[in-house]
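Q: Just passing along the structure, written as structure tokens.
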Amino acid sequence: QVQLVESGGGLVQAGGSLRLSCAASGRTFSSYVTGWFRQPPGKEREFVAAITRSGGSAYSADSVLGRFTISRDNAKNMEYLQMNSLKPEDTAVYYCAATLGGVRRDESGYDYWGQGTQVTVSS
């Protein structure tokens with residue numbers, strides 16, 4: 001198993017930036033495809049981005065393409081989400097997730113989840 005803990009959330013003005021981190025412990029981090037999801041207030045959880053085991057390929061939702069960048073450092077057992085040009089509609093609880101399977105955009109494809117970190121973007 002792998003345990004995931006997010007950090008880096010907070011309150012930021014529109015147009016600002018935040019960097020989320022996800023620390024992994026347990027089984028070898030490089031065995032997992034990892035991703036980020038978010039749940040806006042009153043809405044379903046949605047895919048944000050995912051990255052392959054080596055970090056060589058990344059995938060993003062259209063809503064964040066060009067603004068958010070997912071990355072990972074397997075030597076440090078860390079995953080990151082750099083969020084730039086933030087908008088009020090980016091307000092959500094952000095979750096990191098991991099799977100031993102392939103890259104998926106649906107949350108059902110991920111077996112391990114962090115507890116979430118709140119991101120609030122004010123207008």
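The values are calculated or read from the model by the stated rules, or taken from the named source; none is laboratory data. Computed from a prediction, not measured in an experiment: that's the story for all the values here. Using ideal geometry, Cβ is built from the backbone for each residue, glycine included, and neighbour counts are taken over all protein chains shown. Accessible surface is based on the protein model in full, side chains and every heavy atom, while ligands, DNA and RNA are left aside. Shrake-Rupley method; radii C 1.70, N 1.55, O 1.52, S 1.80 Å.
Q: In the range 12-22, how many are within 22 Å of Arg53 (Cβ to Cβ) and open to solvent by 40 Å² or more (accessible area, probe 1.4 Å)?
A: Here the count works out to 1.
Q: Return the residues of the range 43-101 that are of a type in the set (Asp, Glu) and either closer than 19 Å to Tyr112 by Cα or at pLDDT below 95 (or both); say none if nothing qualifies.
A: Glu44, Glu46, Asp73, Glu79
Q: Out of all the residues in the range 29-75, which are at positive phi, in contact with a strand residue (DSSP E or B) (Cβ under 9 Å, 6 or more places away or on another chain) and open to solvent by 50 Å² or more (accessible area, probe 1.4 Å)?
A: Of everything in the range 29-75, just one residue is at positive phi, in contact with a strand residue (DSSP E or B) (Cβ under 9 Å, 6 or more places away or on another chain) and open to solvent by 50 Å² or more (accessible area, probe 1.4 Å), namely Gly66.
Q: Tally the residues that are acidic (Asp, Glu), open to solvent by less than 60 Å² (accessible area, probe 1.4 Å) and in contact with a Leu (Cβ under 8 Å, 6 or more places away or on another chain), restricting the search to the range 80-123.
A: Qualifying residue count, the range 80-123: 0.
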